[in-house]
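Okay, structure first, notes after.
The values are calculated or read from the model by the stated rules, or taken from the named source; none is laboratory data. Small disclaimer: the values here were computed from a predicted structure and weren't measured. Note that we place each Cβ from the backbone using ideal geometry, even for glycine, and neighbour counts take in every protein chain shown. Note: areas computed on protein heavy atoms with side chains; ligands, DNA, RNA excluded. Shrake-Rupley method; radii C 1.70, N 1.55, O 1.52, S 1.80 Å.
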Amino acid sequence: MNSNPSPSNSSRFEGCTLTGALSVLTEIRDAICIVHGPAGCTHHNFSLLHATLLSNDRLEVPRLLSTRLTENDIIFGGEEALEKTLTRALSLSPASIFVLSTCIVETIGDDTEAVCAKDRGVPVIAVPTAGFLGGVFETGIRNALSTVASLARPAAGTTLSANLVGEKNLEYGVDENAAEIARLLSRLGIGINLRFVRGIGTRDIERLGSATVNILREPALRPVGEGLRQRLSTPYVDSFPTGLAGTCRFLEDIGRICGVDTSTAIEEEHAFQAAMLHQFADIAGSRVHFQSPHPMLRGDPGAEAICNECAEALDLAADPDGAVIPYPYPAPVGTAGLRRMLHRWRILIREKQRG
């Protein structure tokens with residue numbers, strides 16, 4: 001099992017492989033996901049996904065079905081239950097169906113792939129999501145993205161655009177992060193081709209290969225980026241931008257891949273960052289003490305570098321008795337993410353000063 005506690009690892013401290021996959025696949029609006037296993041696995045994930053949607057003002061219901069395996073199915077095999085659930089799913093006229101295996105299904109040896117391979121008029125794809133052999137949340141995300149990518153074909157040509165690959169759909173601020181990427185890309189005259197996978201339809205996946213570059217949410221998704229590069233010949237950058245200097249390097253990387261001159265864009269972003277930092281001149285020179293928000297996140301060099309960079313830009317002094325400021329997790333995306341982070345710093349500094 002992967003035990004790396006770094007925030008660059010999206011496993012959410014290991015977590016459930018099935019949940020990771022569902023966080024991706026339920027964002028295909030016209031698809032149905034079948035959880036092949038006991039009803040409890042579906043109930044737990046439905047509740048989590050529904051609550052996340054509501055917290056983001058999305059009045060939607062995850063399109064999940066369960067094969068509702070019973071003790072009898074577990075003893076004698078659950079393939080018949082899967083067939084019945086597929087029939088029910090097809091009656092709802094989905095554009096695609098994804099069948100996700102649970103730990104118990106892999107334990108009893110159901111041939112889920114063979115059941116899904118039958119011609120049913122729409123794509124029916126098995127997704128390996130049993131985590132009992134070492135899979136974690138991150139594994140589910142990777143497996144789901146790779147599975148969905150199998151529906152794409154090489155494009156006849158490309159447009160000057162980018163795909164956002166592997167956004168953390170359970171993350172607060174996911175749409176704000178995407179908007180920040182779009183803002184940065186607009187400086188280079190580059191648009192968003194596809195959010196892979198967030199709020200799309202099955203047919204939208206056909207556009208996956210028409211982008212000039214793929215932008216991975218985080219380095220943990222490099223295997224997905226490599227797979228898309230090999231299948232669709234699309235190069236990638238391995239992370240959303242973080243930090244002041246990192247955001248400008250992101251523009252350089254994208255410009256190099258896309259053959260776009262970045263000098264003006266970087267100059268404009270430097271000016272934008274300077275104006276943003278000026279908004280926080282009132283906390284310049286304050287005393288602060290950075291610490292981890294959680295013991296599992298202690299010592300992440302990326303978070304420390306971002307905090308140190310912003311502290312230096314604002315002339316903040318490190319002091320064990322200063323305002324306690326947690327290292328960001330996940331790292332704020334782009335300049336807009338840093339602005340939101342500094343707003344939180346201001347609140348903590350003011351509370352300490354009043355204190």
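Assorted remarks:
- Full extension of the chain between ALA271 and ILE74 yields a length gain of 64.7 nm, computed as 0.36 nm times the residue separation minus the alpha carbon distance.
- The gain in end-to-end length when the GLU113 to LEU160 segment is fully stretched comes to 13.2 nm, 0.36 nm per residue minus the alpha carbon separation.
- Full-extension gain in nm, HIS289 to ALA245, via 0.36 nm per residue minus C-alpha separation: 13.6 nm
- Using a cutoff of 8 angstrom between alpha carbon atoms and counting only pairs six or more residues apart, the relative contact order for segment 5-147 works out to 38 percent.
- Magnitude of the charge dipole for the chain, about its Cα centre and with charges confined to Cβ atoms of Lys, Arg (+1) and Asp, Glu (-1), is about 520 debye.
- Only aspartates and glutamates eight or more places from LYS352 in sequence, or on another chain, were considered; those with a Cα closer than 15 Å are ASP282, ASP319, ASP321.
- Using the Cβ-Cβ distance between ARG88 and HIS44 with R0 set to 22 Å, the FRET efficiency from 1/(1 + (r/R0)^6) comes to roughly 0.60.
- Computed about its Cα centre, the charge dipole of segment 187-303 is approximately 460 debye, with only Lys, Arg, Asp and Glu carrying charge at their Cβ.
- Projecting the Cα atoms of LEU244, LEU86, LEU316 onto the dipole axis of the chain, where Lys and Arg carry +1 and Asp and Glu carry -1 at the beta carbon, places LEU86 farthest toward the positive end.
- Phi-based couplings in Hz for segment 226-240 (Karplus 6.51, -1.76, 1.60; Gly and Pro marked x): 5, x, 5, 5, 6, 7, 10, 6, 9, x, 8, 9, 8, 6, 5
- Scanning residues 5 or more positions from PHE98 or on other chains, those with amide H under 5 Å from its amide H are ILE32, CYS33, ILE34, ILE125, with H placed 1.01 Å from N in the peptide plane.
- Other-chain or far-sequence residues with amide H under 5 Å of THR242's (modelled H): THR247, GLY334
- Using only side-chain charges placed at the Cβ, +1 for Lys and Arg and -1 for Asp and Glu, the dipole size of segment 135-244 relative to its Cα centre rounds to 320 debye.
- ³J(HN,Hα), Karplus 6.51/-1.76/1.60, whole Hz, each residue of segment 110-121, x for Gly, Pro: 4, 8, 4, 5, 5, 5, 6, 6, 5, 6, 10, x
- Relative contact order (%) - segment 89-176, alpha-carbon pairs under 8 angstrom, separation at least six: 24 percent
- Computed E for SER146/GLU304 - FRET, C-beta separation, R0 45 angstrom, nearest 0.05: 0.90
- Simple spin-label estimate for ALA179 and ALA318 in nanometres, 7 Å along Cα-Cβ: 3.5 nm
- If a spin label sat at a point 7 angstrom from the Cα of THR264 along the line to its beta carbon, the backbone N atoms of segment 168-208 nearer than 14 Å would be those of 186-190.
- Computed over protein heavy atoms with a 1.4 Å probe, the accessible surface of the chain works out to 45 Å² per residue.
- The HN-Hα couplings worked out from phi for segment 262-268 by the Karplus form 6.51 cos²θ - 1.76 cosθ + 1.60 (θ = phi - 60°) are 10, 4, 5, 4, 5, 4, 5 Hz, whole numbers, x standing for Gly and Pro.
- Whole-Å distance, taken between Cα centres, linking segment 51-104 and segment 201-255: 31 Å
- Hits among lysines - C-alpha to C-alpha of LYS84 under 26 Å, sequence gap 8 or more where chains match: LYS118
- Summing charges over all other residues whose Cβ lies under 15 Å from the Cβ of ARG350, with Lys and Arg as +1 and Asp and Glu as -1, gives +3.
- Here the relative contact order of the chain, from alpha carbon pairs under 8 Å that lie six or more residues apart, stands at 17 percent.
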